[in-house]
Amino acid sequence: MPRLDDVNEQSEPPAPAPAQNSAAAVVAGVARGLLDLKADPLPRMSKPRWLAWLPHVVLLYLAAAFFSVTTEQLSNHYEVHGSVRSLLATMVGGAIVIAMRWPMAGYWLGLTAAGLVAGQIHGHVGQGQSWPWMPAGMFAFAPVLLLVSLRVPPRVTVGAVTVVVGCTGLAEAFLRPENSGTGTPGAVLLFAFTGLLGYALRATRLARTQLVRQETLTEEERARRTLLEERSRIARELHDVVAHHMSVISIQAQVAPFLVENPSEELKENLAGIRANAVEALTELRRVLGVLRSEHPDEAGGPHHPQPTLAELDGLVDNVRAAGLDVTTEIAGIRRPLSPGVELTAYRIVQEALSNCLRHAPGSRVEVGIAYGPRDVHLCVANSVPTRPAPPTMGAGHGLLGMRERAGMLGGELAAGPRPDGGYEVSAVLPMDPVSPGGGPSPAPETMKKDS
């Protein structure tokens, strides 16, 4: 029988293991980041365009300046001459240049250059001269550290700062020459500030990039939602148009036998089949499309109103005039009824164009023209320059999408744009017989059914 102590030891899992694993994972991640020498080019500035390469030019200037200063200080302050002086100065300046494309490679090159400089001047340090960093050494390494912190995660930035500060402290603690000055406090403050500055700039850049991406997605989603709303509206109107024609077919098929003297049984059966198919199609249509009449499909449908046509254009214009807009209408050609789909589309285009005039061109004069051709009906809504500024409007602002959608659904065309006199014009051409996707004429209801 096991002892109670053995049971307790087996039942209690070791608590510190998860924390140790987590700390080890963080250290391993930082180490991988410090040793990641992949290319990460410094991005150009986006605005203004003439400043796109300014950071690169400034960094190249700093690289040349620190090359010159390092050469001068090695020669005049520490009596280091010959090719080694040029090599060390080239490494100091080259670290900045390399860090512009390979940040971690530039970091290690700059740190290596600092170590070699410290070793080279160790025996030449005079009274009060700084070591292990020369007077300009830490300032030459700061741009490298800034370029690193701009493009690596915050943990790696902390690791990079810790490594350089730790190396500085260890060198001064164990290898410091006699009578030399200390540069550790200044190096700690400078490198810590540089790391924090780089982190702040990187966070700002990432936030700005995310904001631009989100604004783009929001604009695309707004346009897509507006288009879907307009298509949903068209589908609701499709329900009324198609349901009307199917009802007429059903009634005509039911009445037809009574208009023929002594109709044959075959005729009665065919007409009865036509009526049954029409009723079945009408039922299915109402089942599928009826839910589009309301945002709440379970609610009882409201009263069905007939869809507007160009015959109601005068009432629409009167409403716009009552809202304070000067509107004139002109109709050319022989006015005649069109197919329901064309009538409804023409009315909606004129309605949306007048609504845009009310919102965006207050006080302007608006001309509405309708011309009936042999095969097409031409619409034109043009406004003059507004006499007062337009108030701010809320909404998606994609009414032209809906108008183009309606015109294209019937095989027509729509154009909109500014006029030479400063006003705005919307014009559309709608075929009398809507064109099917295959290219030939087809009834309006069938066309709308395919497109919806």
Simple SL model, points at 7 angstrom along Cα→Cβ for Thr162 and Leu87; separation in nm is 3.3
Within the under-13-Å Cβ sphere about Gly106, not counting Gly106, Lys/Arg +1 and Asp/Glu -1 give a net charge of +1
For the range 53-134, the percent of accessible surface on carbon and sulfur atoms (probe 1.4 angstrom, ligands and nucleic acids excluded) is 69
For the range 315-414, the Cα-Cα pair-distance distribution in 10 Å bins from 0, as whole percents, is 14, 45, 33, 8, 0
Quick calc: nm separation of the 7 Å Cα→Cβ label points for Arg335 and Ser247 -> 2.6
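Which of the trypsin sites (Lys or Arg not before Pro) found in the range 309-404 are loop residues per DSSP with 16 or fewer other Cβ atoms within 10 Å of their Cβ? Don't skip to the answer; put the middle values down first.
Working: sites: Arg321, Arg335, Arg348, Arg359, Arg365, Arg375, Arg404; in loops: Arg335, Arg375.
Listed in order of number, the matching sites are Arg335, Arg375.
Multiplying the sequence separation of Glu265 and Arg388 by 0.36 nm and subtracting their Cα-Cα distance, what value in nm do you get? Mind showing how you got there, number by number?
Numbers: separation 123, 0.36 × 123 = 44.28 nm, distance 7.28 nm.
Full-extension gain reported as 37.0 nm.
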Over its alpha-carbon atoms, the range 141-232 yields an Rg and a Dmax in Å of 23.0, 85
The alpha-carbon pair-distance distribution computed for the range 87-159, with 10 angstrom bins and whole-percent values, is 21, 47, 25, 7, 0
So the FRET efficiency between Arg225 and Ala200, C-beta based with R0 = 41 Å and rounded to 0.05, is 0.65
Expected unfolding gain across Ala415-Leu217 under the 0.36 nm per residue rule, minus the alpha-carbon gap, is 68.6 nm
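The values are calculated or read from the model by the stated rules, or taken from the named source; none is laboratory data. Here the structure is a predicted model, which means the values were calculated and not measured. Glycine gets a Cβ as well: all are built from the backbone with ideal geometry, and neighbour counts include every protein chain shown. These accessible areas exclude ligands, DNA and RNA; they are computed on the full protein's heavy atoms, side chains included. Shrake-Rupley method; radii C 1.70, N 1.55, O 1.52, S 1.80 Å.
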